[in-house]
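Inspection log for the structure reproduced underneath, given as structure tokens.
Throughout, read-outs are computed from the coordinates displayed, never taken from laboratory work. Only a predicted model underlies this, so the values are computations on that prediction, with no experimental measurement involved. Using ideal geometry, Cβ is built from the backbone for each residue, glycine included, and neighbour counts are taken over all protein chains shown.
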There are 2 protein chains.
Amino acid sequence: MGTITKALEMLNFFSRQRPEIGLSEFVKLTQRDKATVLRHLAELKDNGFLEQATDTKAYRLGPAILRLAGVSEAIYPLRDRVRPIINEIAQQVGELTHVALLQGEALSPLFYSDVKMHGTQVNYNEGELLPLHATSSGMAVLAFSDPAFVDKVLSHGLKPFSNRTMTDPGQLKAQLAQIHETGFAYQEKAFDGEVTSGGVPIFGSSGQVIGAVSVAIPSIRQSEEKTQAIRAHLCDAMQRITTAVGGIIPPEHAHKWQQP
Amino acid sequence: MGTITKALEMLNFFSRQRPEIGLSEFVKLTQRDKATVLRHLAELKDNGFLEQATDTKAYRLGPAILRLAGVSEAIYPLRDRVRPIINEIAQQVGELTHVALLQGEALSPLFYSDVKMHGTQVNYNEGELLPLHATSSGMAVLAFSDPAFVDKVLSHGLKPFSNRTMTDPGQLKAQLAQIHETGFAYQEKAFDGEVTSGGVPIFGSSGQVIGAVSVAIPSIRQSEEKTQAIRAHLCDAMQRITTAVGGIIPPEHAHKWQQP
């Protein structure tokens, strides 16, 4: 392992649970000798990637990271990061593929791609907020959300969008438990009577769910084989998108999206 | 210069103007040999600090930076970063010191500290948005804002807050030109008939103005000596706060806040 990698990997030890790390804790975590660790810490600090608390002398993530993230986000907004991935997945799966981000209690579309290679296609409205309880994207998000947030969403009167929309909180919770188990949400004609879709969550920098990626097809093309193909492509998509937006998949859930 | 520093400094070459950098450009920028540059680039890329465009092979800032910034912001919100600096400056200057961030066409208070060591004190309302044209913070922001933004702000009917509030766009522009020159905004009784304040801008990750830090005093304590002391402490404060929030002071303006 190169020196640069050794130093950069030290940054990965920080988390909400571990906001500050002292020298001796770093020695333990890296299992390297104190002189080496100190040298690496000094260089990271000199470049603003770490800073040191004046009182405890413990290290924490420094301002250079915020500065570079500001530059990075100005150059490549999230939309630009997901665009090439979504375009590629849409091409592979041959169907409308889209990413939406959680915004309050709905999903806000970020980017979509439709290859239009069939006789009919899903009519996708880029400007429309998507309800959580009636879409595969929304159910994928809810299945990995904080239970208090789920209760809040389900406690409102839930609007039916088609005659197949599930609006009973108990039934929805049972379905969310299944989605949480498998990592894959599937909604048949729940948002639109002619559309079926599959969705998986995407995660942010602390492993929290921040949105979903889905494939929507005219229900007329629905088949078990198609569903399995969609699921496989979405597993690939969610891993690549989560990485591209600077997120991490919580390790305890990661196996749900690993290809067999 | 250590290996880690050499690698981390390569990240600083990226900006809005230079979103992607190819291998040969990196060789030119760093003035190091190609083999060394390639080795550093490979390690930065392996750790997600850089990524490579699939078509051009040019490098750009990678997702690890967004991820770490997310962790960093979750651990230390901006408010927590400025708190120790503002507390210290308020103690040194012996007067109410506060930071506010630009939000639309007003300033939103982020943090303040008042040491209350005098017979009278400024009544500071933490919840109140501050107008740009009538406060030293706001004028410090406008003086370093895009001219189109300034025109927009000055084109509305400007509200007088005291009988000393300047509301004439021409007069305000003349004052902004002066503040732009000196880096220091001074407002005597313009927002409140009993308060005088001095303010300086703070800058974000692309060198854009994002807010201001100010000291406000009861006008009764006003003196030339006091003003000079406030100005000196604010020059120190704006440099420390800009760094703490991941910003950079545009090099062409930096001399305005350097202590003599």
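Results, tabulated for the structure shown:
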| quantity | calculated |
| --- | --- |
| Residue count for the range A:116-144, restricted to those that are crowded, with 19+ Cβ neighbours inside 10 Å and within 21 Å of the chain's Cα centre (by Cα) | 15 |
| Residue match in the range A:184-198 (condition: under 30 Å from residue A:15 (Cβ atoms) and in contact with a Ser or Thr (Cβ under 7 Å, 6 or more places away or on another chain)) | yes |
| Filtered residues of the range B:54-63 (kept if part of a loop (DSSP other than H, G, I, E, B) and either over 24 Å from residue A:204 (Cβ atoms) or more than 10 Å from chain A (Cβ to nearest Cβ) (or both)) | B:54, B:55, B:56, B:57, B:58 |
| Residue tally, condition more than 20 Å from residue B:238 (Cβ to Cβ) and part of a helix (DSSP H, G or I), over the range B:65-115 | 11 |
| Which numbered condition residue A:232 fails, given (1) part of a helix (DSSP H, G or I); (2) within 29 Å of residue B:74 (Cα to Cα); (3) among the small types (Gly, Ala, Ser) | (2) |
| Residue that is nearest to the other protein chains (Cβ to nearest Cβ) [pool: residues in the range A:23-51 that are of a type in the set (S, T, N, Q) and loosely packed, with under 15 Cβ neighbours inside 10 Å] | A:36 |
| Test: residue A:185 is within 27 Å of residue A:92 (Cβ to Cβ), surrounded by 12 or more Cβ atoms within 10 Å (Cβ to Cβ) and touching a Leu at 6+ places or on another chain (Cβ under 7 Å) | no |
| Neighbours by Cβ (under 8 Å, 6+ apart or cross-chain): first from the range A:1-20, in contact (Cβ under 8 Å) with a residue 24 or more places away in the chain; second among the charged types (D, E, K, R) and assigned to a loop (DSSP other than H, G, I, E, B) | A:6/A:32 |
| Which numbered condition residue B:20 misses (of (1) within 12 Å of chain A (Cβ to nearest Cβ); (2) surrounded by fewer than 19 Cβ atoms within 10 Å (Cβ to Cβ); (3) closer than 30 Å to residue A:17 by Cβ) | (3) |
| Identity of the residue in the range A:64-100, away from chain B (no Cβ under 14 Å) and closer than 29 Å to residue B:15 by Cα, that ends up surrounded by the fewest Cβ atoms within 10 Å (Cβ to Cβ) | A:86 |
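Results for (1) in a helix (DSSP H, G or I); (2) closer than 27 Å to residue B:80 by Cβ; (3) within 14 Å of chain A (Cβ to nearest Cβ), shown as yes or no for each residue.
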| site | (1), (2), (3) |
| --- | --- |
| B:165 | no, no, no |
| B:171 | yes, no, no |
| B:190 | no, no, no |
| B:197 | no, yes, no |
| B:206 | no, yes, yes |
| B:220 | yes, no, no |
| B:226 | yes, no, no |
| B:241 | yes, yes, yes |
| B:248 | no, yes, yes |
